[in-house]
Amino acid sequence: MGLFISFEGCEGCGKSTQAKLLAAELEQQGYGTTLTHEPGGTPLGDELRRCLKKVRDSVVTPEAELLLFAAARSQLTLNIILPALEKDRVVICDRYSDSTVAYQGYGRGLPLASIDAVNRIATRGLRPDLIVLLDMDPSRALQRKGWPRDRFEHEDMAFHERIRNGYLELARADPGRWMILDASDSPSATTQVIRERVSPLLSKSTLTRQVSA
Ligand code: TYD
């Protein structure tokens, strides 16, 4: 099995940038690396992403949201992530199942037990080996991100605060799997800390590596 790393955090926290930087670095070191994101990363997932982010006149129920994210996740897990891990690649995913716990659970208020059950179906029980949480005050992060805003970014600050606190609760409960970083630090300092945490995980002997002599 390969190595699975996910990036989590609020809107505008810089996780996509850090995920890309890590993927580029590992590629350069010769590790077979697959960089992907949620929702999306497959043709069906990309369609669902457009549906989910679109600002609408009518309310999307939290349950519909949960199931649409889960559908996209199932497609990505079975078609992209698991095959890559079976080929001993490093998979880096910009958001994974913990986004659903944070957004639909803590943010929308759906019961965490239901979310766990749906996530288990969508992931077939797959969990990242490492989850990088980029933590930041959501109002600053949204300001940094700017306009236009999608359906989630239009939510009030209390929603974003609940998500932030939810993430922190998850991460503090499982420090062996999560790392919490201050996303208001300089991007290069953040990259360095992530590199240090990932480095020992790469010594897994099964990882695919093409090293030039
Ligand atoms: P995206 O543009 O990918 O945002 P970001 O760059 O912050 O990742 O939009 C995805 C949105 O969907 C984002 O607001 C978070 C939300 N989301 C959920 O609510 N639940 C989920 O399970 C996932 C994967 C994302």
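Quick one: is PRO39 more than 10 Å from the ligand (Cβ to nearest atom) and out of contact with any Ser or Thr (no Cβ under 6 Å at 6 or more places or on another chain)?
Details: more than 10 Å from the ligand (Cβ to nearest atom): no; out of contact with any Ser or Thr (no Cβ under 6 Å at 6 or more places or on another chain): yes.
In short, no.
Hey, can you tell me all the residues within region 1-35 that are more than 16 Å from the ligand (Cβ to nearest atom), under 18 Å from ILE131 (Cβ atoms) and assigned to a helix (DSSP H, G or I)?
Quick first cut of region 1-35, residues more than 16 Å from the ligand (Cβ to nearest atom) only: 1-3, 24-34.
In the following step, the residues that additionally are under 18 Å from ILE131 (Cβ atoms) were identified as 1-3, 26, 33-34.
The one that is more than 16 Å from the ligand (Cβ to nearest atom), under 18 Å from ILE131 (Cβ atoms) and assigned to a helix (DSSP H, G or I): LEU26.
Quick one: what pairs do we get from region 145-170, first residue in a helix (DSSP H, G or I), second small (Gly, Ala, Ser) and near the ligand (Cβ under 10 Å from one of its atoms), C-beta under 6 Å, 6+ apart or different chains?
LYS145/GLY12; PHE159/GLY107; ARG162/GLY107; ILE163/ALA102; ILE163/GLY107; GLY166/ALA102; TYR167/ALA102
Quick grid of which residues meet (1) acidic (Asp, Glu); (2) over 17 Å from the mean Cα position of the chain (by Cα); (3) more than 14 Å from the ligand (Cβ to nearest atom):
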site: LEU78; (1), (2), (3): no, no, yes
site: ARG95; (1), (2), (3): no, no, no
site: GLN104; (1), (2), (3): no, no, no
site: GLY125; (1), (2), (3): no, no, yes
site: ASP135; (1), (2), (3): yes, no, no
site: PRO148; (1), (2), (3): no, yes, no
site: PHE152; (1), (2), (3): no, no, no
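Look through region 171-194, keep the residues that are part of a helix (DSSP H, G or I) and of a type outside the set (S, T, N, Q), and return whichever of them is farthest from the chain's Cα centre (by Cα). Show your work before the answer.
Filtering region 171-194 for residues part of a helix (DSSP H, G or I) gives 171-173, 187-194.
Applying the additional criterion that residues be of a type outside the set (S, T, N, Q) yields 171-173, 187, 189, 193-194.
Working: ALA171: 13, ARG172: 17, ALA173: 18, PRO187: 18, ALA189: 20, VAL193: 18, ILE194: 15 Å.
Among those residues, the one meeting the criterion is ALA189.
Of the conditions (1) surrounded by 15 or more Cβ atoms within 10 Å (Cβ to Cβ); (2) assigned to a helix (DSSP H, G or I), PRO83 satisfies every one except a single condition; which number is it?
Failed condition: (1).
Read the figures in this text as sums done on the coordinates, not as results from a lab. Computed from a predicted structure; not experimentally measured. Virtual Cβ from ideal backbone geometry, glycine too; neighbours counted across all protein chains shown.
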